[in-house]
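A short write-up of the structure that comes next.
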Amino acid sequence: MKQFSDFPRVSLGILPTPLYRLPNISEAMGKNIYIKRDDMTGVALGGNKVRKLEFLIADAMAQGCDYMLTTGGAQSNHAMLTAACCDRLGLGSVLVLKKRGVWQKLGNQIINDLLGADVRFVDTDDYADVYAEMERICGELRAKGHKPYCVPVGGSVPIGSLGYVNAAREAIEQGAALGVRFDDIICCTGSGGTHAGMDLGARIYSPKTRVTGIAVDDERFRPIVRDLVNETSKLLEAGIHVEESDINVFENFGAGYAIPSSSGVAAMRMMASKEGIIIDPVYTGKTFAGLIKLNQQGYFDGRDNILFLHSGGAGGLFAIDKRSAFSKVQKGRLEPSFLYAVSYNSFFVCLYTSPEPRVMTTSPGAAWASSHLRISSKVPR
């Protein structure tokens with residue numbers, strides 16, 4: 001098998017990130033719950049994408065590229081960190097982001113502004129349109145003498161997933177230093193690359209450890225993760241091949257991607273109040289809520305040592321109106337405290353410009369929302 005040193009890599013993160021037991025949550029859940037703090041990778045607001053970018057940017061530089069282009073939702077952690085890492089290494093970057101739902105600058109958009117990032121919005125829900133715009137921008141850059149390198153959403157390609165094969169190795173070695181073998185690793189499944197890297201890494205370095213991803217979107221993730229595991233295995237010459245049935249995914253996206261869920265908010269409160277650790281409403285909150293639910297369902301019966309991967313995402317806390325975190329989304333009803341903000345490629349945005357709320361159409365789904373959801377006119381204070 002190839003070594004990580006066989007691949008181009010730039011040093012960006014402060015690694016290894018901390019790993020330790022959560023005593024209060026462990027007591028509450030009746031399991032040994034450990035956390036891997038990849039929210040502390042050391043660039044901008046931290047997060048898992050730094051590990052991927054160490055390999056992706058190095059690959060770009062090895063090919064003589066001087067510009068990185070990538071994409072995601074308007075609040076993309078990956079895109080923001082791409083800009084931050086490129087700034088640090090003297091590369092140009094262009095962030096081609098979905099515009100839907102953006103009506104003011106919050107969260108990662110503020111960070112992008114601080115970074116001086118070149119952000120181009122595309123008013124679409126279809127990534128095919130986004131990638132077409134990326135190719136058009138690449139043409140512009142080539143005409144100016146630049147050599148661009150394009151990275152798909154989330155950096156979820158085999159080269160990027162190498163970062164999380166290495167993270168799995170790192171976590172397993174840290175566990176061994178504590179005298180612990182992890183029975184399970186729980187991570188977020190958002191675009192699939194982190195999950196795939198952790199899955200492959202566990203199969204290589206700790207075959208008895210089960211990796212389960214908590215899906216925060218309604219994509220069919222099993223085939224996506226399967227393909228990434230197999231392609232990354234080929235890159236490493238690891239000799240591992242998986243089928244779709246080998247991939248563990250638990251769906252916990254609630255009402256939809258980036259829409260806070262009641263269980264996710266409860267998980268955020270639990271992590272904050274018991275351990276003083278902040279997780280976010282889009283990714284890690286729903287992921288930890290999934291871990292709690294799996295424990296309640298007996299998924300970890302006979303399995304005592306559980307590792308939770310904190311993959312970052314702090315910017316998401318500041319992109320949704322504070323009242324939205326306490327909203328309730330019920331069948332056929334949207335509570336008015338759900339000021340679904342802003343920049344998360346929303347179906348609709350509920351605004352309070354007066355005592356009467358209104359629905360601002362920002363995508364085709366908004367028409368459905370306007371006609372099907374009864375919105376209370378009583379605004380909570």
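Look at the dipole of region 81-197 built from charges on Cβ: of I172, C85, P148, the Cα furthest out on the positive end belongs to P148.
Run through every distinct alpha carbon pair of region 88-207 and return the Kirkwood hydrodynamic radius in angstroms, one decimal place.
17.2 Å
Each part reduced to its alpha carbon centroid, region 159-198 and region 225-289 end up 12 Å apart.
Between F4 and L89, the simple label model (points 7 Å from Cα in the Cβ direction) yields a spacing of 1.5 nm. With the simple model of a label 7 Å out from the Cα in the direction of the Cβ, T124 to R269 spans 4.1 nm. Oblate is the label for region 153-278, because a/c, from the alpha-carbon gyration tensor with a ≥ b ≥ c as root eigenvalues, is 1.5 or above and a/b does not exceed b/c.
Mind running the shape call on region 184-245? Use the C-alpha gyration tensor, a ≥ b ≥ c as the square roots of the eigenvalues: rounded below 1.5 for a/c, prolate if a/b tops b/c, oblate otherwise.
Details: a/c = 2.04, a/b = 1.33, b/c = 1.53.
Oblate, because a/c is 1.5 or more while a/b does not exceed b/c.
Return an integer: the convex hull volume of the alpha-carbon atoms of region 50-154, in Å³ per residue.
Details: hull volume 9.4 nm³, N = 105.
Taking the convex hull of the Cα positions in region 50-154, it is 90 Å³ per residue.
Applying 1/(1 + (r/R0)^6) with R0 = 25 Å to the Cβ-Cβ distance of D218 and I278 gives a FRET efficiency near 0.45. Dipole check for region 50-154: with +1 at the C-beta of Lys and Arg, -1 at the C-beta of Asp and Glu, and the Cα centre as origin, the magnitude is about 140 Debye.
When the pairs K98/K147; K36/K98; K36/K208; K105/K286 are compared against a 27 Å limit on Cα-Cα distance, K36/K98 fall above it. With 0.36 nm allotted per residue and the present C-alpha distance subtracted, the A132-D113 stretch has 4.4 nm of extension available. Mind giving me the FRET efficiency for D246 and A143? R0 is 45 Å, r the Cβ-Cβ distance, nearest 0.05 is fine. Rounded to the nearest 0.05, the efficiency is 0.50.
We did not get these values from a lab; they are worked out from the coordinates using the rules stated. Note that the structure is a prediction, hence the values are computed from the model and not measured. Note that each Cβ is placed from the backbone with ideal geometry, even for glycine, and that neighbours are counted across all protein chains shown.
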